[in-house]
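The values are calculated or read from the model by the stated rules, or taken from the named source; none is laboratory data. Keep in mind it's a predicted model, so treat the numbers as computed, not measured. Please note: Cβ atoms are built from the backbone with ideal geometry, for glycine as well, and neighbour counts cover all protein chains shown. Note: areas computed on protein heavy atoms with side chains; ligands, DNA, RNA excluded. Shrake-Rupley method; radii C 1.70, N 1.55, O 1.52, S 1.80 Å.
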Amino acid sequence: PAVWESAEFAWLKQLGVACPSGQRPPLRAEIDTIIHACKRFTDADLQARLRLMEARSGTTRVTVAPDILDWNQVQAMAAGGLIRFGSHTRHHVRLNDAVDASILLDEIGTSRKVIEAHTNRAVEVFCYPNGDYTPGVKRLVQDHYQAACTTQRGWNDTATDRYQLKRIGIHDDATRDEISFLAKLSGWM
């Protein structure tokens, strides 16, 4: 509990979100609220804050996350013809005004080239990490892709801007049983 009251952790309380103060692990809804509130910070600022928290608490993060898929799996899926891959940047950078133009170009353009090189298939769709983008980012995406997805929930129609497509996010919570999965796909939940 003393760690949670330290200056290194005080910024979490200033976000105005529920925080369990070290008494229990945060609930999924609390984590979602904290993540949403943290989007006001730059990636560099968040990393700095997390490093201070780690130093204060004596913990360390795993700095290399395992890939969700390796390139062999991606190639096999692409070769089957049923699955097409889109781009989501190279390093999951939030695409906002704090990111240098050369980094934006690399994250958006090079990501496409890397996936195409591994799959031998055209990459035509982009997905904005965390749904973050600016008008300039949207223009850059328009230069490289035929469409782009946001994180805005919902359905699209012919009037929908193809660079601001809504979507229905499918996560493991909705894939555990058929009824939940179908309800999620229908937009019911």
- prompt: Any residue in segment 179-188 that is of a type in the set (K, R), under 22 Å from R40 (Cα atoms) and open to solvent by less than 70 Å² (accessible area, probe 1.4 Å)?
  reply: no
message: Quick check on segment 110-130. Is at least one of its residues out of contact with any strand residue (DSSP E or B) (no Cβ under 7 Å at 6 or more places or on another chain) and either among the aromatic types (F, W, Y) or within 30 Å of F9 (Cα to Cα) (or both)?
response: yes
query: Within segment 115-166, how many residues turn out to be open to solvent by 80 Å² or more (accessible area, probe 1.4 Å), part of a strand (DSSP E or B) and in contact with a helix residue (DSSP H, G or I) (Cβ under 9 Å, 6 or more places away or on another chain)?
result: 1
- request: Output the number of residues of segment 85-114 satisfying the condition of being in contact (Cβ under 8 Å) with a residue 40 or more places away in the chain and either assigned to a helix (DSSP H, G or I) or open to solvent by 50 Å² or more (accessible area, probe 1.4 Å) (or both).
  value: 2
- prompt: Quick one: would you say A101 is touching an Asp or Glu at 6+ places or on another chain (Cβ under 7 Å) and small (G, A, S)?
  reply: no
- prompt: Of the conditions (1) modelled with pLDDT of 80 or more; (2) under 21 Å from D132 (Cα atoms); (3) β-branched (V, I, T), I35 fails just one. Which one is it?
  reply: (1)
